[in-house]
Amino acid sequence: MTEAPYTPPKVWTWKKDVSGWRYANTNRPIAGPTHEKELPVGRHPLQLYSLGTPNGVKVTIMLEELLALGHRGAEYDAWPIKIGEGEQFGSGFVAVNPNSKIPALLDRSEPKPVRVFESGAILVYLAEKFGAFLPTERALRAECLSWLFWQMGSTPYVGGGFGHFYAYATTKIEYAIDRFAMETKRQLDVLDRRLAESQYVAGDSYTIADIAIWPWYGGLTQHNQYGGAEFLQVQDYQNVQRWVTMIGQRPAVRRGRKVNRLIGDPADQLHERHDASDFETKTQDKLAAAPH
C-alpha cells in the first residue's frame, strides 16, 4: 500500500517532529531562548562558543592559524555548545547569537565586547582584526570573498539537503536524495575545476576561502561525511583530493579539527580549549588514561 500524495494545506501549522531524527527535538519555528543559562567566560580575549562541526571547525582552524603566525591576541577559550541538548537556546548564547546557531564569538579585547555570529562573518572579522588570510589588493580580495560567500551559500544544500535526506531522514525519499546528490556533485565539480587552475581556492595564497571550504568538502571527500563517499564517487574529483590533502597536513588545521569535537577518535577530541598545551594533555584519550 502506497501513501497518498501530500497536499499542503492553505496555512502551515507546526507539528512536533516525532521522526526519531537525533536533532528533531531542537527544531521549532520560533526564535529566542527556551531557558536561562549564562555562558562560561575564560581568561583569554576571545571567547568561542561552538562545536566540532564543519562550521565550527572553520573558526578553530582560523584561530590556530593566527596563533601559529604569532598573533598572541588570538588566544581563545573554546567552549562546547551541545546542540543536541538544546544549549544553543540558552539565554546567554542567544544574547551572542540571536539565530541560535554555532559558532558564536565574543571579543572581549575591545572597549565594549563585540559579538560576531555566522562562521563567514567570524572569519572576515578575525582576518581584518589581525591582518591575515584576507588579501588587501582589490581583485584578490574580491576573489577570496567570492569563494567565501560561495561556500556560505552552497553548503546548506550539502548538509541540510544531501546530508539530511541521505543520512539522517528516517524516510528515504528518492526525489530529495537525487536532487541534492546532483547539486552536491555539481558543487564538487565547480571546486574541482577551480583547483585545476589554482593551487589554493582564491589563488596562489592560503586564505579564509580555503579555511571555510575545507571542513565541508574535505569531510565529503576524505572523511566519508554522511556516509556518502561511494554514493557520490568522491574519488573522481582529483583536484579537490589534492587540495584537501594539502590543507589537512597543516599543523594548525590538525589542531583546529580537534577543538570542541565530541565524537570520533578520543585522540581527536578536545572538548574545551583554554591553552595550547591542552592538545598534549587534555584530549579524551589522555584524560581517560590519567589516574583518577
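Please treat every number below as a calculation from the coordinates, not as lab data. This is a predicted model, so every value here is computed, not measured. Positions of Cβ are generated from backbone atoms using ideal geometry, with glycine treated the same way; all protein chains shown enter the neighbour counts.
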Could you calculate the FRET efficiency of E197 with V114 from 1/(1 + (r/R0)^6), where r is the beta carbon distance between them and R0 is 41 Å, rounded to 0.05?
0.65
Assuming R0 = 35 Å, can you tell me the calculated FRET efficiency for the pair K172 and R254, based on Cβ-Cβ distance, to the nearest 0.05?
0.50
Largest first and in whole Å, give the semi-axes of the chain's equivalent ellipsoid, each being the square root of 5 times a Cα gyration tensor eigenvalue.
30, 26, 20
Which residue, S100, S119, S154, tops the fluctuation ranking in a GNM of the chain built on C-alpha contacts under 10 Å?
S154
Which aspartates and glutamates have a Cα lying under 18 Å from the Cα of K282, excluding residues fewer than 8 positions away in the same chain?
E64, E75, D77, D265, D268, E272
Gained length - K10 relative to D285, 0.36 nm times residue gap less alpha-carbon distance:
93.6 nm
Out of all DSSP beta bridges with both ends in the chain, state the antiparallel percent to the nearest 5.
60 percent
Stokes-Einstein D for region 1-154 at 20 °C, 1.002 mPa s, Kirkwood Rh over Cα pairs, in µm²/s?
121 µm²/s
Highest-fluctuation residue, Q225, Q151, Q269 considered, GNM on the chain with Cα pairs under 10 Å:
Q225
Expressed in nm to one decimal, what extension gain is obtained for the pair Q235 and R179 from 0.36 nm per residue of sequence separation less their Cα-Cα distance?
18.1 nm
Comparing K129, K15, K282, which has the greatest mean-square fluctuation in the GNM of the chain with Cα pairs linked when under 10 Å apart?
K15
Starting from the Cα of S91, step 7 Å toward the Cβ, then list every residue of region 26-63 with an amide N under 12 Å from that point.
33-39
Please name whichever of Y125, P111, T155 sits farthest to the positive end of the charge dipole of the chain, dipole taken about the Cα centre and charges placed at Cβ: Lys and Arg +1, Asp and Glu -1.
P111
Go through region 79-176 and name the GluC sites (Glu not before Pro) that are in a DSSP coil and have 15 or fewer other Cβ atoms within 10 Å of their Cβ.
E137
Can you compute the charge dipole magnitude of region 1-130 about its Cα centre, using +1 on each Lys and Arg Cβ and -1 on each Asp and Glu Cβ, nothing else charged? Give it in debye, rounded to the nearest 20.
340 debye
Using the Cα atoms of region 213-272, I'd like the radius of gyration and the largest Cα-Cα distance, Dmax, both in angstrom.
12.3, 37
Which chymotrypsin sites (Phe, Trp or Tyr not before Pro) in region 15-95 sit in a loop by DSSP (not H, G, I, E or B) and have at most 16 other Cβ atoms within 10 Å of their own Cβ?
W21, Y23
Would region 83-207 count as rounded, prolate or oblate if I go by the C-alpha gyration tensor, calling it rounded below 1.5 in a/c and otherwise prolate when a/b exceeds b/c, oblate otherwise?
oblate
Quick check: Cα centre of region 37-99 to Cα centre of region 154-168, how many Å?
24 Å
Over all directions, average the projected area of the Cα convex hull of region 138-250 and note it in nm².
6.6 nm²
Which of V259, V18, V253, V124 has the fewest Cβ neighbours within 10 Å, and the rest in rising order
V18, V124, V253, V259
